[in-house]
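We did not get these values from a lab; they are worked out from the coordinates using the rules stated. It should be emphasised that the depicted structure is a prediction, and the values quoted were computed from it without experimental measurement. Glycine gets a Cβ as well: all are built from the backbone with ideal geometry, and neighbour counts include every protein chain shown.
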Amino acid sequence: MWMQRELTLRPRERGFHLITREVLEGLPELRELRVGLLHLFIRHTSASLTLNENASPDVRDDFETWFNEAVDEDFRGWTHTLEGPDDMPAHIKASLLGPSLTLPVRDGRFALGTWQGIYLCEHRDHGGPRRLMVTLWGESR
Amino acid sequence: MWMQRELTLRPRERGFHLITREVLEGLPELRELRVGLLHLFIRHTSASLTLNENASPDVRDDFETWFNEAVDEDFRGWTHTLEGPDDMPAHIKASLLGPSLTLPVRDGRFALGTWQGIYLCEHRDHGGPRRLMVTLWGESR
Amino acid sequence: MWMQRELTLRPRERGFHLITREVLEGLPELRELRVGLLHLFIRHTSASLTLNENASPDVRDDFETWFNEAVDEDFRGWTHTLEGPDDMPAHIKASLLGPSLTLPVRDGRFALGTWQGIYLCEHRDHGGPRRLMVTLWGESR
């Protein structure tokens with residue numbers, strides 16, 4: 001079984017956002033899989049996807065604070081500054097975190113750990129809607 | 001052919017640990033694949049997986065030293081401090097390195113480079129046992 | 001349908017290099033897939049793969065500048081120095097960016113975003129040719 005579809009995520013402010021529920025709601029076919037994998041792929045170079053703690057909003061705030069310090073808008077080395085001060089840091093953050101996640105599926109559900117949630121990492125001040133290409137494959141129930 | 005199983009790794013101290021042999025011993029079915037892929041997925045948000053140099057233990061020591069400097073426990077920006085000073089840095093390190101590896105399999109063996117080994121990256125002082133969800137799929141020999 | 005093959009990339013200087021076209025030319029089978037995935041895996045521990053902006057060469061220059069500042073050859077904590085000052089930073093950069101990419105394929109083409117290109121990240125001064133293990137799987141057209 002193969003399923004591939006584009007999902008569009010509504011615009012979010014710069015920061016780290018929990019999107020597990022939104023992804024699940026866009027994937028009713030997940031329930032039909034006995035064993036398989038889900039590939040989530042973001043079709044942009046200034047936003048990214050990661051997995052992390054799904055309970056405390058302050059964890060997501062600390063992600064934003066730390067990444068802003070680690071990849072400084074005021075870094076003197078930037079030469080690609082035409083698209084604004086948030087652009088080049090967004091590209092670096094996107095590659096540090098990565099454009100995709102591959103998640104195990106078992107008996108119609110994600111086989112994640114208890115505390116794992118899917119984050120949309122929006123690195124731009126005004127990123128707009130973000131498009132995911134979602135691919136699900138495996139053996140049916 | 002699909003195989004999916006949980007593997008539990010014994011507790012290890014904070015740092016970077018070579019686990020290639022332990023993973024292989026838990027996957028006898030690998031030998032049956034002619035061509036395929038192995039997906040290793042850690043079900044935690046304060047430990048991670050990466051591939052790196054499998055020969056010199058000082059490489060793994062330098063990983064621990066560098067990541068502790070880059071993601072400082074004393075960073076003034078942390079607000080999520082309830083679970084100890086090693087907790088929030090562990091979440092950031094886990095997302096920088098990532099929760100999963102996808103490895104090519106060919107003729108019953110990993111098709112890795114000569115120097116590539118699988119690292120468990122334990123970011124907590126007392127992380128305990130770590131659970132992997134392992135998925136193997138491809139064509140049989 | 002499964003296809004797996006080794007591709008060798010010609011030597012490149014230290015830095016970030018766009019290789020989308022070179023990868024496509026090595027994969028004529030891609031056109032036969034209706035839906036599937038491509039896994040690109042680099043068999044080295046001092047070079048890596050990422051996706052990022054495919055238009056402006058100054059973005060790739062800024063990647064090199066930022067990573068050299070973030071993972072400093074002169075970091076006082078290095079103990080693995082036997083293979084030269086560029087070696088240990090190369091290992092860290094390789095794990096930050098990762099050894100593989102999984103890309104969606106649809107109707108015989110990559111389903112990437114408009115601005116996404118494949119980067120070879122060469123972290124060594126004289127890395128030489130780099131070997132990729134390429135795996136393509138999915139449903140034929």
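A DSSP coil position with no more than 16 other Cβ atoms inside 10 Å describes the following trypsin sites (Lys or Arg not before Pro) in the range B:54-132: B:Arg76.
Residues whose amide H falls under 5 Å from that of B:Thr50, counting only those 5 or more places apart or on a different chain, are B:Tyr119, B:Cys121, with hydrogens built in the peptide plane. Within 10 Å of the Cβ of each residue in A:3-9, the mean number of Cβ atoms contributed by other protein chains is 2. Counted without the sites themselves, the longest stretch of chain B free of GluC sites (Glu not before Pro) in a DSSP loop having at most 15 other beta carbon atoms within 10 Å is B:14-72. Between C:Thr20 and A:Glu6, what is the FRET efficiency for a Förster distance of 30 Å, r being their Cβ-Cβ separation, to the nearest 0.05? Approximately 0.90, to the nearest 0.05.
Here the contact order of the range C:2-141, divided by its residue count and restricted to Cα pairs under 8 Å and six or more residues apart, works out to 54 percent. When the Cα positions of A:Gln116, A:His91, A:Phe75 are compared along the charge dipole of the range A:41-138, A:Gln116 comes out farthest toward the positive end, with charges on each C-beta of Lys, Arg, Asp and Glu. Counting every pair of alpha carbons in the range B:1-79, the share spaced more than 19 Å apart comes to 52 percent. Taking the label point 7 Å along Cα→Cβ, B:Thr114 and its counterparts in the other copies are spaced 4.6, 4.6 nm apart, in ascending order.
Relative to the Cα centre, the charge distribution of chain A, modelled as +1 at Lys and Arg Cβ and -1 at Asp and Glu Cβ, gives a dipole magnitude of about 780 debye. The range B:80-117 and the range B:1-56 have Cα centres separated by 10 Å.
Calculate the dipole size of the protein assembly as shown relative to its Cα centre from +1 charges on Lys and Arg beta carbons and -1 charges on Asp and Glu beta carbons; express the result in debye to the nearest 20.
2340
The mean count of C-beta atoms from other chains within 10 Å of the C-beta of residues in A:79-89, rounded to a whole number, is 3.
Based on alpha carbons, the Rg and Dmax found for the range C:37-93 are 13.7, 42 Å. Length, then width, then depth: along the principal axes, the Cα atoms of chain C run 55, 29, 22 Å. Every helix of 4 or more DSSP H residues in the protein assembly as shown counts as -39500 (n - 2.57), and over all residues that averages to -6500 deg cm²/dmol at 222 nm. Inter-copy label distances at B:Asp72, shortest first and taken from points set 7 Å along Cα to Cβ: 1.1, 1.1 nm.
What does the convex hull of the Cα atoms of the range B:12-52 come to per residue, in Å³, rounded to a whole number?
100
Can you tell me the FRET efficiency between B:Asp72 and B:Ser140 if r is taken as the Cβ-Cβ distance and R0 is 41 Å, rounded to the nearest 0.05? E(calc), rounded to 0.05, equals 0.25.
For the range B:65-141, the convex hull drawn through the C-alpha positions has a volume of 128 cubic angstrom per residue. Here the protein assembly as shown is treated as an ellipsoid with the same Cα gyration tensor; its semi-axes, largest first and in whole Å, are 28, 24, 24. Between this copy and the others, label points of B:Arg34 are 2.3, 2.3 nm apart in ascending order, each placed 7 angstrom from Cα in the Cβ direction.
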